[in-house]
Amino acid sequence: MDTRIITLIPTRGFVLTESESALDRELASNLQSPVIIRTHDLPLPMSRNFLVETALKIKDWTHALLLDDDIILPKDSLKEMLKINTDVVTMNYPMHGKVDGKTCGVIAHDKDGSIAFAGLGATLVKRKVFETIEQPWFCGTQYRIERTKDGTIGFFVGQQDGRFPTSAGEDTYFYLQCRKYNLKVKETKRIATHARVDRMVTTSHAQRYFQQHVITKNDKIERELL
């Protein structure tokens, strides 16, 4: 069967032109029609589940590209994802915040080098993954995530020593499900750009904007999260 990609984008009500242009470029360079489903202002993980549910009603697509609206794909990244050809292919990108003053990526590797969990901002998933994993595919959890003394990443439920638990998001839950069903997860060598809108257009006069959008972009990763 020919490769057919459907793109699923949870949006927050704005369109980042550079992100859209990069997506158009990557789809066109791989001879893909721009079949895109978006949500508007639905909370996660409801938004991601709705996107997959809607997509599965459409026949013929073989892969879903999960793309956040603030992620800018690097050139030829989709081609690399397709070449890797596994159940789930994820691309690293920097988080907006810092840990100990350093920018972290969204991929966490376990002791054996496998991917324990990652962000879903730039992820290519084969259709069979969503047909294999039981619903919901994405779910908020209350896992506390820590790297143990031997280097293994552990997922623990609830609080410990009076501390609040680290809340593992719907992305972590998805990767835990991939482990449960023995699905293969790999990553690309490329790093995607994470963008942040720091200032929006607020006023205009005579068709001229006095205050322009200020967008901060980052594609540098200095350390892992854990």
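The values are calculated or read from the model by the stated rules, or taken from the named source; none is laboratory data. Bear in mind the structure is a predicted one, so any value in this text is a computation, not a measurement. Every residue, glycine as well, gets a Cβ built from its backbone with ideal geometry; the counts of neighbours run over all protein chains shown.
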Query raised in the report: Which residue out of ASP112, ASP68, ASP150 is charged (D, E, K, R), buried (at least 17 other Cβ atoms within 10 Å of the Cβ) and without any contact (Cβ under 8 Å) to a residue 60 or more places away in the chain?
Result: ASP68
Query - Qualifying residues in segment 176-225 (those that are among the acidic types (Asp, Glu) and either at pLDDT 95 or above or under 30 Å from ASN85 (Cα atoms) (or both)) - the one nearest to the chain's Cα centre (by Cα) - result: GLU187
Report task. Inspect segment 96-111 for any residue being over 25 Å from VAL157 (Cα atoms), part of a strand (DSSP E or B) and of a type outside the set (D, E, K, R) and give the result as yes or no. Result -> yes
Report summary line: Cβ pairs under 6 Å, 6+ apart or interchain, first in segment 76-90 and touching a residue at least 40 places away in the same chain (Cβ under 8 Å), second crowded, with 17+ Cβ neighbours inside 10 Å and among the charged types (D, E, K, R), ordered by first then second residue, are SER77/ARG190; LEU78/GLU26; ASP87/LYS126; THR90/GLU187
Query raised in the report: Picking from THR7, THR3, which residue would you name as being hydroxyl-bearing (Ser, Thr, Tyr) and assigned to a loop (DSSP other than H, G, I, E, B)?
Result: THR3
Query raised in the report: What number of residues within segment 33-47 are surrounded by 13 or more Cβ atoms within 10 Å (Cβ to Cβ) and either in contact (Cβ under 8 Å) with a residue 40 or more places away in the chain or not in a loop (DSSP other than H, G, I, E, B) (or both)?
Result: 9
Query raised in the report: Could you say whether any residue in segment 48-59 is touching a strand residue (DSSP E or B) at 6+ places or on another chain (Cβ under 8 Å), closer than 24 Å to LEU176 by Cα, crowded, with 21+ Cβ neighbours inside 10 Å and not β-branched (Val, Ile, Thr)?
Result: yes
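For (1) of a type in the set (Phe, Trp, Tyr); (2) more than 17 Å from LEU176 (Cα to Cα); (3) out of contact with any Ser or Thr (no Cβ under 7 Å at 6 or more places or on another chain), each residue gets a yes or a no:
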site	(1), (2), (3)
LEU73	no, yes, yes
LYS111	no, no, no
PRO136	no, no, yes
GLY154	no, no, no
Report summary line: When (1) at pLDDT below 95; (2) surrounded by 15 or more Cβ atoms within 10 Å (Cβ to Cβ) are applied to ILE133, the one that fails is (1)
Report task. Output yes when any residue across segment 21-28 is exposed (fewer than 14 other Cβ atoms within 10 Å of the Cβ) and either in contact (Cβ under 8 Å) with a residue 24 or more places away in the chain or touching an Asp or Glu at 6+ places or on another chain (Cβ under 8 Å) (or both), and no when none is. Result -> no
